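Working notes for the structure below.
The values are calculated or read from the model by the stated rules, or taken from the named source; none is laboratory data. Since this is a predicted model, take the numbers as computed values, not measurements. Virtual Cβ from ideal backbone geometry, glycine too; neighbours counted across all protein chains shown.
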Amino acid sequence: MKRRQFGALATAALVMGGPLRALADETCQSPYMPKITGHEEYVYIWTLGVEGMGDGQDKMVTVDLRPGSETRGQVINSLSIGGRNEAHHAGFSADRRYLWAGGLDTNRIFIFDVHSDPANPVLHKTIDTFVKDADGPVGPHTFFALPGRMMITALSNDDDHGGRTALVEYTDEGDFVETHWMPTAENMRGAEAVDGAVADGFGYDVRALIRKNVMLTSSFTGWSNYMMDFGQMLGDSEAMKRFGSTIVQWDLHTRQPKKVFNVPGAPLEIRFPWGPNANYAFSTTALTSQLWLIHEDDAGEWQAKAVADIGDPTKIPLPVDISLAADDQTLWINTFLDGMTRLFDVSDPHHPKQIYEKKIASQVNMVSQSWDGNRIYFTSSLLANWDKKGADDQQYLKAFTWNGSELVPDFELDFYELQLGRAHLMRFGSSELYSA
Amino acid sequence: MSVFSRLKTPTLALIMVTVWSPGLLAEQSDPSVCPTSDGSWSERALERSLSTQLGLPTVPHPVDNPPTAEKITLGRKLFFDRRMSINGTMSCAMCHVPEQGFANWELQTSVGVEGRSVKRNAPTIINTGFLDVLFHDGRDMSLETQFIMPLISRNEMANPSVGRVVAYLQGQPEYQPLFDAAFGAPPSLDRMGKALGAYQRTLTTGGSAFDRWYYGGDKTALSDSQTRGFELFQVKADCASCHVISDQSALFTDQEFHNTGYGWQREQIRQNPSPTTRVQVAPNVFHEIDRAVVASVSAPPQADLGRYEVTEDPDDRWMFRTPALRNVAMTPPYMHDGALPDLRSVIEFYNQGGPDHVFKDPRIRPLDLKGQEIDDLEAFLQALTSPGLDCLAAEARINAPDNF
């Protein structure tokens, strides 16, 4: 979709009061969720506790982003939740009143009430029985909102801590619904392997394109790998054999796996565009450092292909989080090991081109942008035992303004200096959502 | 739900033909024909631990811990209970994975609570009931006591004390009847050990092709190559001087500690790492990465002095217990740190005679094995796989792991 198309769509949506009525929200969220109207007011940062630092616990940190606020750019709340759980990703419920946050290690899921007082989230409920509920999946990762439901990807299992895993569905109230195991070579569960793909049964992200009834999942690695020392793992030839090489296409409504694509090198984040005729998604492979396009062809069949390298793949820069602009024209891609962010022009999704790059710090993981694309936020932590060691272990929130040609520093917070821990996933909040 | 419909890990036979296959396909049984008749699984396991299997000695049960089906039932549950770790993530079975030969094919060295590094490879626990010394360094002598250290080691299950674990069990209604049935008494540390010991002594299996050939009189059980490999094992390669074969049975270990030079060699590599590391990023795709990049995300690697860490005798530096070789084809990767990926690599290490090291056992010397001889020796090691491994794994999965 071209920029002018997006503008027309946004204008129409404003008139209709449709899902695009907002003009200032983080992109890449579930399309079932309402958007923030106005400027994002808070950013919630799911933060890993560090042994010997502060209280050593994982915590949900709230930073004030309100323009003109005396505390803008400061931590205004920090809610410790007990233990170190390998805090990782989080996602809002479809009504955006609750933020679900997972622990990849302990399998605990923390549901925060973010609507009663958006400046001060409180712990509403903890699910301690994820593995038992779902009969084996370990490592709750992505929380993708469906109407009345939360679709959760897992990364591992309780048999061997390897990568075979499942999608797990809960109600918004936190009651277990169903487990959907990933297809494997031994049990394809009705799916078809495409282009020599070997269904590995691994999981990572989940995203959906509602109007096409398409859901995609990607594949990372099991508990043993994502929990272990990164350097040790790089030198462990057995461990390095155990990364995902697949993206699976599902029937969104029936949860039936349809196709298994061959996407070697651990495809991680998946992002669908917003455009009304944009029938594709992007993903990046962490180990092989490629940008992949999963797209519908002229015959109506979905396909997967690599469309660009990210940095120098032979140096394993390790692409991590990505953020697609709301107008679908540009894509931010972070690479952890070199601490770089890169902006790709993806106006032709089949031929992306890098148009900008900047070193954010010694390491960088997550990136979130405002709906208008003017404000870009970065955090640092990948996984507790994958983060850099010593002086390179910089832990931060850094806010920038994107002026169309470069990132201009706005503010930054040193999470170690503040005795908070490792800053990971960001989600935006606003009181305006709940004022009606 | 049946055991096999739940399993995320495929059975041994299935794993061996996947893209991540760790070794050559070895003889395996069909899990669908595992014994199911005459009583419960624990009664069959009890009978197995009291019987003598072809090629194995009789299981030596401690006088003060005679096995019962009730102890075995309890021991299996404890073995798979992830709540036995401080945060509910680790059980014995997370490192000793039934479908992976009760070892772990997916890691060179184990990973404990919060991802903490263990410096050694998880050994198989199949047939450990026959051993007089346990662990690579022989730090314990009894299955009744060896479990305590993993329970409280910070880089394994990380419990702050064994008392906390016992208290937890005492508070769990599901465990009360199991301890009552096994001991007529509530949970305690020694009763945990007895139950775990009784269970692990059921994880025995002999009857390999070698056993049928050597002890069973079946002259067709080994191929010509395997027969030649046996001769090499006994004479030219002299493996059997440490991996002992007796007239009536064979554990393939002298249960002694030796310095093969391997541990010393690994220490030299630790102190003087190569400037690059070869990293696999996808099937058949590798990149050489600068050491500095790897070091930037690495905790300092730990030294491993082997038996010395138990005795503090300088003469014991880099000595490790001779591993038993039964089912060795089913337990890659190899050596105490898992750094050798397959049997071929191990044979080549010994064929080259190990590094030039003053404390090295004199039996470790260049063997001058030629290509066909290496093939034959490897073929012989393949003949040490017992046909009952899949059934042991299936039996172990009779119930799902316990979780919070």
Quiz prompt | Search result, residues across the stretch B:364-389 that are surrounded by fewer than 22 Cβ atoms within 10 Å (Cβ to Cβ) and under 30 Å from B:Thr73 (Cβ atoms) | solution = B:Pro387
Quiz prompt | Hits in the stretch A:262-280 (condition: more than 14 Å from chain B (Cβ to nearest Cβ) and in a strand (DSSP E or B)) | solution = A:Glu269, A:Ile270, A:Arg271, A:Tyr280
Quiz item: Out of the residues in the stretch B:278-310 that are basic (Lys, Arg) and not in a loop (DSSP other than H, G, I, E, B), which is nearest to the other protein chains (Cβ to nearest Cβ)?
Solution: B:Arg278
Practice problem: Report whether or not A:Ala423 is surrounded by 24 or more Cβ atoms within 10 Å (Cβ to Cβ) and in contact (Cβ under 8 Å) with a residue 60 or more places away in the chain. | Solution: yes
Quiz prompt | The listed residue being among the charged types (D, E, K, R) and either on the phi > 0 side of the Ramachandran plot or part of a strand (DSSP E or B) (or both), out of A:Lys132, A:Lys125 | solution = A:Lys125
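Quick one: would you say A:Gly300 is under 23 Å from A:Pro264 (Cα atoms) and modelled with pLDDT of 95 or more?
No: the conditions fail for A:Gly300.
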Exercise. Within the stretch A:232-243, identify whether any single residue is more than 30 Å from B:Ser298 (Cβ to Cβ) and at the interface with chain B (Cβ under 10 Å from one of its Cβ atoms), and answer yes or no.
Key: no
Quiz item: Mind checking which pairs have a first residue in the stretch B:138-153 that is surrounded by 15 or more Cβ atoms within 10 Å (Cβ to Cβ) and a second that is part of a loop (DSSP other than H, G, I, E, B), Cβ under 6 Å, 6 or more apart or different chains?
Solution: B:Asp140/B:Gln146; B:Pro150/B:Glu156; B:Pro150/B:Met157; B:Leu151/B:Met157; B:Leu151/B:Asn159; B:Ile152/B:Asn159
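Could you look through the stretch A:372-407, keep only residues that are of a type in the set (A, V, I, L, M, F, W, C) and more than 14 Å from A:Ala361 (Cα to Cα), and pick out the one that is farthest from the other protein chains (Cβ to nearest Cβ)?
Checking each candidate, the answer is A:Trp402.
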Practice problem: Mind counting the residues in the stretch B:311-349 that are more than 14 Å from chain A (Cβ to nearest Cβ) and in a loop (DSSP other than H, G, I, E, B)? | Solution: 11
Quiz item: Somewhere in the stretch B:26-44, is a residue at pLDDT 95 or above and assigned to a loop (DSSP other than H, G, I, E, B)?
Solution: no
Self-check item: Residue that is surrounded by the fewest Cβ atoms within 10 Å (Cβ to Cβ), among those in the stretch B:46-73 that are free of Cβ contacts under 8 Å to residues at least 60 places away in the same chain, in a helix (DSSP H, G or I) and of a type outside the set (Asp, Glu)
Solution: B:Leu50
Exercise. Would you mind stating whether A:Ser362 is within 14 Å of chain B (Cβ to nearest Cβ) and surrounded by fewer than 21 Cβ atoms within 10 Å (Cβ to Cβ)?
Key: yes
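Every residue, every condition in (1) within 14 Å of chain A (Cβ to nearest Cβ); (2) part of a loop (DSSP other than H, G, I, E, B), yes or no:
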site: B:Gly88; (1), (2): yes, yes
site: B:Glu106; (1), (2): yes, yes
site: B:Thr109; (1), (2): yes, yes
site: B:Arg120; (1), (2): yes, yes
site: B:Thr124; (1), (2): no, yes
site: B:Leu143; (1), (2): no, yes
site: B:Gln146; (1), (2): no, yes
site: B:Leu151; (1), (2): no, no
Exercise. Kindly provide the set of residues from the stretch A:244-260 that are over 18 Å from the mean Cα position of the chain (by Cα) and either within 14 Å of chain B (Cβ to nearest Cβ) or acidic (Asp, Glu) (or both), ordered by number.
Key: A:Ser245, A:Asp251, A:Val260
Quiz item: In the set A:Thr179, A:Thr221, which member is among the β-branched types (Val, Ile, Thr), within 12 Å of chain B (Cβ to nearest Cβ) and assigned to a loop (DSSP other than H, G, I, E, B)?
Solution: A:Thr221
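Within the stretch A:366-393, restricting attention to residues that are among the polar types (S, T, N, Q) and in a strand (DSSP E or B), which residue is nearest to A:Pro317 (Cα to Cα)?
If we take residues in the stretch A:366-393 being among the polar types (S, T, N, Q) and in a strand (DSSP E or B), then A:Thr379 is nearest to A:Pro317 (Cα to Cα).
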Practice problem: Output the residues belonging to the stretch B:202-240 that are part of a loop (DSSP other than H, G, I, E, B), surrounded by fewer than 17 Cβ atoms within 10 Å (Cβ to Cβ) and of a type in the set (S, T, N, Q). | Solution: B:Thr220, B:Ser223
Quiz item: For the stretch A:85-135, how many residues are within 14 Å of another protein chain (Cβ to nearest Cβ), within 20 Å of A:Leu146 (Cα to Cα), of a type in the set (A, V, I, L, M) and buried (at least 24 other Cβ atoms within 10 Å of the Cβ)?
Solution: 2
Quiz item: Which condition does B:Gly115 not pass, out of (1) touching a residue at least 12 places away in the same chain (Cβ under 8 Å); (2) over 13 Å from the mean Cα position of the chain (by Cα), if it passes all the others?
Solution: (1)
Quiz prompt | Leading residue by the ranking (nearest to the other protein chains (Cβ to nearest Cβ)) among those in the stretch A:281-319 that are in a strand (DSSP E or B), surrounded by fewer than 23 Cβ atoms within 10 Å (Cβ to Cβ) and in contact with an Asp or Glu (Cβ under 8 Å, 6 or more places away or on another chain) | solution = A:Gln290
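Residues in the stretch A:142-158: is at least one of a type in the set (Ser, Thr, Tyr), touching a strand residue (DSSP E or B) at 6+ places or on another chain (Cβ under 8 Å), at the interface with chain B (Cβ under 10 Å from one of its Cβ atoms) and not in a loop (DSSP other than H, G, I, E, B)? Step through it out loud before you land on a result.
Kept after step one, since they are of a type in the set (Ser, Thr, Tyr), are these residues of the stretch A:142-158: A:142, A:153, A:156.
Still in the running and touching a strand residue (DSSP E or B) at 6+ places or on another chain (Cβ under 8 Å): A:142, A:153, A:156.
If we keep only those that are at the interface with chain B (Cβ under 10 Å from one of its Cβ atoms) too, we end up with A:156.
With not in a loop (DSSP other than H, G, I, E, B) added as a condition, the list becomes A:156.
Yes, the stretch A:142-158 contains at least one residue that is of a type in the set (Ser, Thr, Tyr), touching a strand residue (DSSP E or B) at 6+ places or on another chain (Cβ under 8 Å), at the interface with chain B (Cβ under 10 Å from one of its Cβ atoms) and not in a loop (DSSP other than H, G, I, E, B).
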Quiz prompt | Conditions (1) touching a helix residue (DSSP H, G or I) at 6+ places or on another chain (Cβ under 6 Å); (2) within 21 Å of B:Gln255 (Cβ to Cβ); number of the one not met by B:Pro355 | solution = (2)
Quiz item: Can you spot a residue in the stretch A:394-411 that is assigned to a loop (DSSP other than H, G, I, E, B), buried (at least 24 other Cβ atoms within 10 Å of the Cβ) and not acidic (Asp, Glu)?
Solution: yes
Self-check item: Unique match (being touching a helix residue (DSSP H, G or I) at 6+ places or on another chain (Cβ under 9 Å), closer than 19 Å to A:Pro267 by Cβ and either crowded, with 24+ Cβ neighbours inside 10 Å or touching a residue at least 24 places away in the same chain (Cβ under 8 Å) (or both)) among A:Gly196, A:Gly201, A:Gly163
Solution: A:Gly163
Quiz item: Which of the residues spanning the stretch B:129-139 are in contact with a Phe, Trp or Tyr (Cβ under 9 Å, 6 or more places away or on another chain) and outside any loop (DSSP other than H, G, I, E, B)?
Solution: none
Quiz item: For A:Pro264, are the conditions met, namely being in contact (Cβ under 8 Å) with a residue 60 or more places away in the chain and either under 30 Å from B:Glu288 (Cβ atoms) or surrounded by 19 or more Cβ atoms within 10 Å (Cβ to Cβ) (or both)?
Solution: no
Exercise. Consider B:Pro177 carefully, then state whether it is within 30 Å of B:Gly112 (Cβ to Cβ) and of a type outside the set (Gly, Ala, Ser).
Key: no
